[in-house]
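Every number here is computed from the coordinates shown, using simple stated rules; none is lab data. Bear in mind that the values here come from a model prediction, so they are computed numbers and not experimental data. Please note: Cβ atoms are built from the backbone with ideal geometry, for glycine as well, and neighbour counts cover all protein chains shown.
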Amino acid sequence: MKNLLIISNWKLNGNKYLINHFINKISHIVKSCNFSIIIAPPLLYLDYMQQVIKLYKCDNYISLSAQNIDIHNYGSFTGEISAKMLKDIGIKYAIIGHADRKIFHKENDNIILKKFTILKSENIFPILCIGETKKEYQSNQTIVICIKQINNIIKNLGILALQDTIIAYEPIWAIGNKIIVNPTYIQKIHNAIRNYLMQINYKIGKYINIQYGGSVNFTNILNLLKQPDINGVLIGKASLDTENFIKILNTINNNFIPSEVNI
Ligand code: 13P
């Protein structure tokens, strides 16, 4: 049984022009997609993109996600954005623990746990990124590292906290590298994560949405989505170019019929 979801993470890219162009061009296609789409533009543009999506009448087809939030809901934290503010403008998802935040902002398990907790308190779905470094990958530590990162949540908040949570496995070494990912290898990691969770709570493990992210594009997406434990993909660079993203949507639409759509 498969819940198929495509997430586009714009990172620090885009502007009003791109948002208008992008939504205009994909607006017809998304209406015929039998899978769910989430876009994560820079925080500054969330509200604007939401208005453009409504303008093109595709708010039933595209959801928006924040790329990050603060660990606090309000206070003297200049430059930050809170989960409460996201909720206030109707945003349903937020990415936390992304490799970019770990690398460039030194985010650790403790910070990720705080962000996860605050999202839950506001009923916003966390998109929890996990993944190993190249060194950890080379020393065969991938599964141990991924489970440790998930356990950071389970040990502190309990397994039920993973309900309404999306897990995104993004090996740090595969992000933005034009690496040809091996779908069978990714499937093995997803399967190990799912099995681990199923042992703790069968239902949560079976139905949790596990995304893959790292150099996904229209040429490798199908082989990834064919894997039974990959519920979708979190795409960076290849989703920023409108024509490329349309190719991705069409490739899925023409070749893949998910048995169940659910986010
Ligand atoms: P790329 O698709 O550019 O490798 O980025 C993946 C990613 O980090 C999505 O969050």
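Restricting to region 202-248, name every residue that is more than 11 Å from the ligand (Cβ to nearest atom), touching a helix residue (DSSP H, G or I) at 6+ places or on another chain (Cβ under 8 Å) and aromatic (Phe, Trp, Tyr).
Listed by number, the residues that qualify are Phe218, Phe245.
Could you check region 1-119 for strands (runs of 3 or more DSSP E) lying wholly inside it with 1 or more residues that are more than 16 Å from the ligand (Cβ to nearest atom) and over 24 Å from Ile150 (Cβ atoms)? Please lay out each step first, then the result.
Values: elements: 5-9, 36-40, 62-66, 93-96.
Where strands (runs of 3 or more DSSP E) fall fully within region 1-119 and carry at least 1 residues being more than 16 Å from the ligand (Cβ to nearest atom) and over 24 Å from Ile150 (Cβ atoms), they are 62-66.
Select, from Tyr74, Tyr61, Tyr48, Tyr93, the only residue that is among the hydroxyl-bearing types (Ser, Thr, Tyr) and in contact with a Phe, Trp or Tyr (Cβ under 8 Å, 6 or more places away or on another chain). It would help to see each step written out before you state the result.
Working: Tyr74 fails: in contact with a Phe, Trp or Tyr (Cβ under 8 Å, 6 or more places away or on another chain); Tyr61 fails: in contact with a Phe, Trp or Tyr (Cβ under 8 Å, 6 or more places away or on another chain); Tyr48 fails: in contact with a Phe, Trp or Tyr (Cβ under 8 Å, 6 or more places away or on another chain).
Criteria check complete, one pass: Tyr93.
For region 235-249: of the residues being under 13 Å from the mean Cα position of the chain (by Cα) and not in a helix (DSSP H, G or I), which is surrounded by the fewest Cβ atoms within 10 Å (Cβ to Cβ)?
Kept after step one, since they are under 13 Å from the mean Cα position of the chain (by Cα), are these residues of region 235-249: 235-236, 239.
Then drop every residue that is not not in a helix (DSSP H, G or I), which leaves 235-236.
On the way: Ile235: 25, Gly236: 22.
Per the criteria, the residue is Gly236.
Return the residues of region 100-153 that are of a type in the set (Ser, Thr, Tyr) and either within 15 Å of Ile175 (Cβ to Cβ) or over 19 Å from the mean Cα position of the chain (by Cα) (or both); say none if nothing qualifies. Give the steps one after another, and end with the answer.
As a first pass, look at region 100-153 and keep what is of a type in the set (Ser, Thr, Tyr): 117, 121, 133, 137, 139, 142.
Ser121, Thr133, Tyr137, Ser139, Thr142, listed by residue number.
Scanning for something touching a residue at least 40 places away in the same chain (Cβ under 8 Å) and under 17 Å from Gln227 (Cβ atoms), does region 143-158 turn up at least one residue?
At the first step, the residues of region 143-158 found to be touching a residue at least 40 places away in the same chain (Cβ under 8 Å) are 143, 146-147, 149-150, 152-154, 156-157.
From what's left, under 17 Å from Gln227 (Cβ atoms): 143, 146.
Checked region 143-158: at least one residue is touching a residue at least 40 places away in the same chain (Cβ under 8 Å) and under 17 Å from Gln227 (Cβ atoms).
Out of contact with any Cys (no Cβ under 9 Å at 6 or more places or on another chain), over 30 Å from Asn110 (Cα atoms) and of a type outside the set (Asp, Glu): is that true of Phe22 in this structure?
On the way: out of contact with any Cys (no Cβ under 9 Å at 6 or more places or on another chain): yes; over 30 Å from Asn110 (Cα atoms): yes; of a type outside the set (Asp, Glu): yes.
Judged against the criteria, Phe22 is a match.
Restricting to region 180-234, what's the tally of residues that are surrounded by fewer than 18 Cβ atoms within 10 Å (Cβ to Cβ), assigned to a loop (DSSP other than H, G, I, E, B) and of a type in the set (D, E, K, R)?
Counting residues in region 180-234 that are surrounded by fewer than 18 Cβ atoms within 10 Å (Cβ to Cβ), assigned to a loop (DSSP other than H, G, I, E, B) and of a type in the set (D, E, K, R) gives 1.
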